[in-house]
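Derivation of every value follows stated rules applied to the coordinates shown; laboratory data play no part. Worth saying up front: this structure is predicted, and the values here are computed from it rather than measured. No Cβ is skipped: glycine too gets one built from the backbone with ideal geometry, and neighbour counts run over all protein chains shown.
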Amino acid sequence: MHVAQLTADDLAQYRALMLEAYAQAPTAFTSTPEERAAEPESWWARRVANPRGLTATFGAFRDAELIGTVALELNKKPKTRHKARLIAMYVKPEARGLGAGRLLVSSLLEYAVAQSGLEVITLTVTQGNAPAESLYKSFGFEAFGVEPMAIRGPEGYLDKVHMWHRVRADDGTTVELGKTRA
Ligand SMILES: CC(C)(COP(=O)(O)OP(=O)(O)OC[C@H]1O[C@@H](n2cnc3c(N)ncnc32)[C@H](O)[C@@H]1OP(=O)(O)O)[C@@H](O)C(=O)NCCC(=O)NCCS
């Protein structure tokens, strides 16, 4: 298995994987498969290879098959460009528990610390999603609040835990990025 930043060549595989994600893990995401299936190709193209460099999307590949993904959404606004959001984390069920999720987060954090001026990564995780919360905590993400009634689905309202991770200290040095598995 290897992880690489996605390019326009991966668009079709990425779209298929994310449409699977919204259907397979509906409580983990705020989007539905139907609304994302309706997005034009240009939306997916911006996600995998943003022309303004505002999104970096990573893929875990087993041979040539895309089996997992995560993305980092950056900001260009002067007052918020020190922050970025980890979004759209998914590993196919048959590939879980093998380290793909860890490799993806590790690659995203390596990319993040290489971005000048980027200091903080935030994310949200649905309360009760133990595998994801435990993965993020193992890299140093900390919960700073819980948003009640954050999403509403067929199963009712679900809360979202908001987490953050500081990747650069006051003096500009990179902080501990958590454990990685060989
Ligand atoms: C969360 C998810 C991405 C983890 O991917 P994965 O490839 O199985 O993760 P890994 O095998 O790399 O495991 C990494 C860590 O995640 C945590 N983890 C993974 N599966 C877990 C489980 N079933 N229970 C508890 N913790 C778990 C552990 O901390 C693990 O580290 P360890 O193996 O050193 O104990 C995957 O379960 C998934 O896609 N879930 C559905 C979508 C989702 O919830 N996305 C997150 C949205 S915020």
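Remark: region 2-166 carries a charge dipole of roughly 640 debye about the Cα centre, counting +1 on each Lys and Arg Cβ and -1 on each Asp and Glu Cβ. Around the amide H of Thr55, modelled in the peptide plane, lie the amide H atoms of Asn50, Leu74, all under 5 Å away and 5 or more residues distant in sequence or on another chain.
Bridge orientation summary for the chain: considering DSSP beta bridges with both residues in this region, about 90 percent are antiparallel.
Our coupling estimate for region 141-149, obtained by passing each phi through the Karplus curve with A = 6.51, B = -1.76, C = 1.60 and θ = phi - 60°, is 5, 10, 6, 10, x, 10, 8, x, 6 Hz, Gly and Pro reported as x. Here the residues Asp159, Asp63, ranked from fewest to most Cβ neighbours within 10 Å of their Cβ, fall in the order Asp63, Asp159.
The orientation-averaged shadow of the Cα convex hull for the chain, equal to a quarter of the hull surface, comes to 10.7 nm². Working note: 222 nm ellipticity from helices only, DSSP H runs with n ≥ 4, each -39,500 (n - 2.57), summed and divided by the residues of the chain, gives -8000 deg cm²/dmol to the nearest 500. Hydrophobic, long helices, defined as DSSP H runs whose alpha-carbon span along the helix axis is 18 Å or greater and whose mean Kyte-Doolittle value is at least 0.5, occur in the chain at 100-113. When the charge dipole of the chain is built from unit charges on Cβ atoms (+1 for Lys and Arg, -1 for Asp and Glu) and taken about the Cα centre, the candidate among Leu17, Asn129, Ser106 whose Cα reaches farthest toward its positive end is Ser106. Taking a ≥ b ≥ c as the square roots of the eigenvalues of the alpha carbon gyration tensor, region 57-157 is oblate, as a/c is not under 1.5 and a/b does not beat b/c.
Does region 1-73 come out rounded, prolate or oblate by the C-alpha gyration tensor, with a ≥ b ≥ c the root eigenvalues, rounded set by a/c under 1.5 and, if not, prolate when a/b is larger than b/c and oblate if not? Judged from the Cα gyration tensor, region 1-73 comes out oblate (a/c at least 1.5, b/c at or above a/b).
Reducing region 128-166 and region 10-53 to their Cα centroids gives an inter-centroid distance of 21 Å.
Taking Glu133, Glu110, Glu73 as the candidate residues, the one with maximal mean-square fluctuation in a Gaussian network model of the chain, Cα springs under 10 Å, is Glu110.
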